[in-house]
Amino acid sequence: MAKITFVTQSNETITVEGNSGNVMELAVQNKIKGIDGNCGGVCSCATCHVHVEPSDWDKVGAPNSMESDMLEFDEKVSDYSRLSCQMKISEDLDGIVLKVAN
Amino acid sequence: MKNSNIPDPFEKARLEKGFGEMDDQNDPVVMALRHKDVRRCAHNHKTFQSGAEPGRIVIPSEVNIRDIRQIPFEVDPPMHGEYRAVVEQWFKRPLEEAYTAQLEKQIGALVEEAITKDSVEVIKEFSLVLQSRALTLLFNVSFSESETWISWGTHVFRSEESALDASKANILYDYIDAQIENSIKNPGEDFYSKLLAAEVNGKKLTKEEIKGVVILTFAGGRDTVINAVTNSIAYFSEHPKSLERLKKEPELINFAIEELIRYFSPLTQMGRVATEDTQVCEHAVKADTRISLNWASANRDANVFENPNEVVIDRKMNPHVAFGFGTHNCLGATHARQILKVLIHTLIEKVSSIEIIDAKENIETLGEFKRKVGFDNINVKFN
Ligand code: HEM
Ligand code: HEM
Ligand code: FES
């Protein structure tokens, strides 16, 4: 079980719990604004882009090369960018805060 | 070779040079062939613009057959974003439950009808019909409109004699004019009414702009969806095990859809016009000449995709560019994905096997390259 907090562009804060799957799916199930997950999680659309709270970065870890190549061309990329479909839900993610990029 | 195979004609040029060249009506095109270059050029809209003379970024060029600018397709940022914001929500409607339910009804009925026939010509009798009916949902107009659209045939802009036929395009333009007038008189919940009510920067869209949006919605989603649906039928006909696997593991269906779209790449390429002297993969490109973003080639780049020439039905990491990349990424993708999803579910539920009786391939000639995009016709028996 992991509690994950999303902060949307309109500054709504929503905390949800997940057990399995990836963070994009959790966000879509909970209708988090700004996370569409258009490609279903295959790293092809970047509609699941989040900025990880810097203090949580170590829990989440850096993207792999395919993911960072995708992020490289995103207007909203930051040092703490991740595609949430590439983040597997596990206990390790408990308590993290993610700012929705779009 | 299997009927459903789609070979990659760009491999050699992609590996050796990274670019390809073709002429098109004396307005040559330098094609970006590598995944990285395609994404980089798509991202760089200042150097590689979409907002050139209307029709010029389409290959073959349509500058001689139309003057209307397609919106948001032939507009660059920042204006692109203003237009796109007007229609973005509308193009997400395919995610609504009622929309999906309608799609299930439509596709279910079509497949059931196909099963009763000894032979079905998939392009005309199945995919064109499916695409036209589904488009009534996206437009939110009466189902009966699809009959008109089906009667236009697969090539609404094309006559038998010539690839680029202005008089045929006029059928579509006249139709759209009439629909817009109709919605001015009787506003409703349809796409035209929605566009008539919309504002960009505090100003209503002009009729010309509305036409630009509507034509694009007709044109962009026609051949592409017809090819995606037809090629899927051919693929599942020759790979019944894949369909069985999806039946047992429905959680793989999303992956399968993205993989089929990658493999088919129904839109081979799209052009851009250079705004300054520049280069593509170290090849000089002069200002005011054309390049293309070759999605089909990028989608077979072995630097990104393992076994790029195989359909790996459960491919997990799949950063394909079949729906484009960045600014102009396909607005109709949600609709197209939903169609394929419902189609796969329907095949799993209702069809035990599909036999191909005969097929004639549709090959695009792009300079030195010949690419199969699908079929001119393909007769099958649904069981
Ligand atoms: C499998 C089917 C489809 C494929 C492979 C496909 C492919 C593409 C590609 C590659 C682009 C990018 C063009 C560029 O960068 O210049 C694009 C844009 C677009 N497509 Fe699709 N498309 C499909 C279905 C549809 C459908 C069903 C519609 C609408 C009914 C549609 C409407 C559009 C529009 C409006 C754009 C322009 C978006 C913009 O400029 O912001 N497409 N499509
Ligand atoms: C008013 C707008 C458009 C017109 C008049 C138009 C016209 C045409 C014509 C004449 C052809 C046949 C070319 C040939 O066979 O040599 C064609 C093919 C094609 N067009 Fe368009 N087009 C339009 C917009 C678009 C857009 C926006 C897209 C995609 C985003 C698109 C995608 C395609 C594709 C994929 C083909 C090849 C289909 C095939 O041959 O199987 N078109 N179009
Ligand atoms: S959902 Fe498409 S990249 Fe994450």
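The values are calculated or read from the model by the stated rules, or taken from the named source; none is laboratory data. As the structure is a prediction and not an experimental result, all values here were calculated from the model. For neighbour counting, all protein chains shown are included, and Cβ atoms are generated from backbone atoms with ideal geometry for every residue, glycine included. Areas reflect the complete protein model, heavy atoms only, side chains present, ligands, DNA and RNA absent. Shrake-Rupley method; radii C 1.70, N 1.55, O 1.52, S 1.80 Å.
Some points to look at:
- Top-ranked residue of the range A:14-27 - restricted to ones that are within 14 Å of chain B (Cβ to nearest Cβ) and over 11 Å from the mean Cα position of the chain (by Cα), ranked as nearest to B:R93 (Cα to Cα): A:G21
- Restricted to the range B:310-362, and to residues there that are hydroxyl-bearing (S, T, Y) and open to solvent by 30 Å² or more (accessible area, probe 1.4 Å), the residue that is nearest to the other protein chains (Cβ to nearest Cβ) is B:T327.
- Residue under evaluation A:N11, criteria (1) part of a loop (DSSP other than H, G, I, E, B); (2) within 14 Å of chain B (Cβ to nearest Cβ), criterion not met: (2)
- Of everything in the range B:283-299 that is of a type outside the set (A, V, I, L, M) and under 18 Å from B:H43 (Cβ atoms), the residue that is nearest to ligand 1 (Cβ to nearest atom) is B:W295.
- So B:E306, is it within 14 Å of chain A (Cβ to nearest Cβ) and over 21 Å from the mean Cα position of the chain (by Cα): yes
- Selection status of B:V29, β-branched (V, I, T) and open to solvent by less than 10 Å² (accessible area, probe 1.4 Å): yes
- Test for B:I57: is it in a loop (DSSP other than H, G, I, E, B), more than 14 Å from chain A (Cβ to nearest Cβ) and more than 10 Å from ligand 1 (Cβ to nearest atom): no
- Every condition in (1) touching a residue at least 60 places away in the same chain (Cβ under 8 Å); (2) out of contact with any strand residue (DSSP E or B) (no Cβ under 8 Å at 6 or more places or on another chain) holds for B:K241 except the one numbered (1).
- B:T275 vs. criteria open to solvent by 50 Å² or more (accessible area, probe 1.4 Å) and within 16 Å of ligand 1 (Cβ to nearest atom): yes
- Annotation note: of A:G34, A:G41, the sole residue that is in a loop (DSSP other than H, G, I, E, B), away from chain B (no Cβ under 11 Å) and either open to solvent by 10 Å² or more (accessible area, probe 1.4 Å) or touching a Cys at 6+ places or on another chain (Cβ under 6 Å) (or both) is A:G34.
- A:V97 being under 12 Å from the mean Cα position of the chain (by Cα), surrounded by fewer than 21 Cβ atoms within 10 Å (Cβ to Cβ) and either assigned to a strand (DSSP E or B) or within 16 Å of ligand 2 (Cβ to nearest atom) (or both): yes
- Residue count for the range B:214-228 satisfying the condition of being within 6 Å of ligand 1 (Cβ to nearest atom) and modelled with pLDDT of 95 or more: 3.
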